[in-house]
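**Q** Shown below is the structure under consideration.
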Amino acid sequence: MPSRRDFLKTSMLAAGALAVPRLAPAAAARAQGALPAAGGARVVSTWDFGVAANRAAWALLSQGGKALDAVEAGVQVPEADLANHSVGKGGYPDRDGRVTLDASIMDGDGRCGAVACLERIAHPVKVARRVMEATPHVLLVGDGALQFAREQGFPEENLLTPEAEQAWREWLKTAKYKPVANSENLDYRRSLPGGKDNHDTIGMLALDAHGHLAGACTTSGMAWKLHGRVGDSPIIGAGLYVDGEVGGATSTGVGEEVIRNAGSFLVVELMRQGRSPQEACEEAVRRIVKKRPDGAKELQVGFLALRRDGAVGAHAIQQGFTYAVCDALRQDRLLASPSVYATSFS
Ligand code: SD4
């Protein structure tokens with residue numbers, strides 16, 4: 001159970017009192033509220049690296065581009081960033097030293113594609129889109145996904161960078177696997193190989209000027225996972241779900257918990273029933289916390305939602321989940337999500 005202090009702090013966070021590290025409250029409210037009735041484009045994405053990813057998506061959206069093209073372009077930014085150890089090339093490998101990538105993409109009309117446990121291809125989101133557009137399938141995995149990518153002409157390369165390999169060799173000394181939470185606890189972060197958390201996924205949702213929605217999600221998954229492990233990110237309804245009549249949702253954190261609760265689908269369905277994006281994310285997080293006997297005290301999961309009118313919501317189990325919001329007004333907003341627990345590892 002959260003302590004009273006945690007609860008009080010959480011209530012303040014939920015009320016928005018502490019929710020905005022880099023914006024005044026009024027500006028944050030504008031960033032989260034519906035867009036003007038006349039419409040407009042908006043893109044949101046998970047974590048600090050979402051700011052740069054949003055900018056790439058905005059380059060298309062601001063020119064009247066399609067939401068689907070925007071999310072595909074946006075998430076390629078962290079996929080290509082070698083300093084990012086949780087997405088794309090440069091991602092931390094699995095227990096056997098193999099970098100395996102998961103990604104999905106979805107349009108507001110229900111079209112979707114995904115790849116899981118894909119090796120040697122730097123931009124899994126592009127392969128996911130190709131699955132969606134060039135096959136009758138939704139999800140290709142492992143060798144089959146690689147075979148398809150090769151046939152489609154995607155270049156192959158070694159995705160294990162020297163830095164990621166070094167972190168893996170360091171981990172091998174103890175070889176202890178724990179799906180630890182992402183938190184603001186700096187001592188904890190520093191204790192991890194490379195001084196970083198062992199997971200962070202980019203999930204992105206976009207609304208274009210024509211009123212169309214799309215989303216994408218891409219990750220190297222949990223560092224040091226068992227070979228063959230697939231997380232929530234490529235599972236439609238878990239790590240990503242978009243319904244043009246309602247809105248979209250995406251998730252980050254310990255994928256197993258999100259899959260168990262069909263998290264992103266749940267967020268969208270709750271919005272369909274009239275909950276705000278914020279309320280829907282809160283309820284999805286609450287379900288995860290409630291089902292865990294330990295109250296999910298050591299796990300992180302965060303949800304991000306974008307309703308079809310542009311309204312945004314986010315909620316996480318632990319403090320520290322950030323998300324980026326970009327629209328015609330401002331392109332570089334980074335907001336702190338409210339959370340169930342104010343601190344995770346104290
Ligand atoms: C996974 N959800 O593979 C991803 C990892 C992640 O923040 O999001 N980390 O379970």
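The values are calculated or read from the model by the stated rules, or taken from the named source; none is laboratory data. Model, not experiment: these values are computed from the prediction. Here the Cβ is made from the backbone with ideal geometry for all residues, glycine too, and neighbour counts use every protein chain on show. Side chains included, ligands, DNA and RNA excluded: accessible areas come from the protein's heavy atoms. Shrake-Rupley method; radii C 1.70, N 1.55, O 1.52, S 1.80 Å.
**Q** Please report the antiparallel percentage of the DSSP beta bridges confined to the chain, to the nearest 5.
**A** Working: 46 of 52 bridges.
Antiparallel: roughly 90 percent of the beta bridges in the chain.
**Q** Among 293, 201, 213, whose Cα lies farthest out toward the positive end of the dipole of the range 10-329, if unit charges sit on the beta carbon of Lys, Arg (+1) and Asp, Glu (-1)?
**A** The Cα lying farthest towards the positive end belongs to 293.
**Q** Would you pull out the residues with amide H under 5 Å of residue 315's amide H, same chain only if 5 or more places away, H placed 1.01 Å from N?
**A** The list, which skips near neighbours in sequence, is 303.
**Q** For the chain, what is the relative contact order in percent, using Cα pairs closer than 8 Å and at least 6 residues apart in sequence?
**A** Working: 931 pairs, mean separation 85.3, N = 346.
In percent, rounded to a whole number, it is 25.
**Q** Next up: Using the Karplus curve 6.51 cos²θ - 1.76 cosθ + 1.60 with θ = phi - 60°, work out ³J(HN,Hα) for each residue of the range 52-61 in order, rounded to whole Hz, and write x for Gly and Pro.
**A** Per-residue couplings from phi come out as 5, 5, 4, 4, 5, 5, 5, 4, 8, 4 Hz.
**Q** With a point put 7 Å past each Cα toward its Cβ, work out how far residue 98 is from residue 273 in nm, to one decimal.
**A** Computed distance between label sites residue 98 and residue 273 equals 4.1 nm.
**Q** Continuing with the same structure: Nearest 500 deg cm²/dmol is fine: what mean residue ellipticity at 222 nm does the chain get from its DSSP H runs of n ≥ 4 alone, each adding -39,500 (n - 2.57), divided by its residue count? Numbers along the way, then the final one.
**A** Details: 11 runs with 114 residues, N = 346.
Only helices count here, giving -10000 deg cm²/dmol.
**Q** Suppose every Lys and Arg Cβ carries +1 and every Asp and Glu Cβ carries -1, with no other charges. What dipole size does the chain come out with about its Cα centre, to the nearest 20 debye?
**A** 880
**Q** Please report the carbon-and-sulfur percent of the accessible area for the chain; probe 1.4 Å, protein heavy atoms only, DNA, RNA and ligands left out.
**A** On the way: 7360 of 13890 Å².
Here it works out to 53 percent.
**Q** In sequence order, what are the phi-derived ³J(HN,Hα) couplings for the range 29-34 according to the Karplus relation 6.51 cos²θ - 1.76 cosθ + 1.60 with θ = phi - 60°, rounded to whole Hz, with x for glycine and proline?
**A** 4, 5, 5, 9, x, 5
**Q** Still on this model: Over the chain, with the other protein chains present, what is the accessible area per residue in square angstrom, probe 1.4 angstrom? Walk me through the intermediate numbers first.
**A** On the way: 13890 Å² over 346 residues.
The answer is 40 Å² per residue.
**Q** Magnitude of the Cβ-charge dipole of the range 265-315, K/R +1 and D/E -1, about the Cα centre, nearest 20 debye? Working shown, then result.
**A** Numbers: 10 positive and 7 negative charges, 28 e Å.
In total the dipole reaches around 140 debye.
**Q** Please sort 299-312, 253-266 by packing, taking for each peptide the average over its residues of neighbouring beta carbons within 10 angstrom, highest first. Each step should come with its number before you reach the end.
**A** Values: 299-312: 25.4, 253-266: 23.3.
Per-residue Cβ counts within 10 Å, averaged per peptide and sorted highest first, yield 299-312, 253-266.
**Q** Semi-axes of the equivalent ellipsoid for the range 10-329, please: Cα gyration tensor eigenvalues, times 5, square-rooted, ordered largest first, whole Å. Before the final figure, lay out the partial values.
**A** Details: eigenvalues 156, 113, 60 Å².
Equivalent ellipsoid of the range 10-329: 28, 24, 17 Å, largest first.
**Q** What nm distance separates the two modelled labels at residue 52 and residue 286, each placed 7 Å from Cα along Cα→Cβ?
**A** 3.8
**Q** Right, something else. What spacing in nm lies between the two simple spin-label points modelled at residue 29 and residue 151, each 7 Å away from Cα in the Cβ direction?
**A** 5.5
**Q** Can you give me the Cα centroid spacing of the range 256-296 and the range 135-177 in angstrom?
**A** 30
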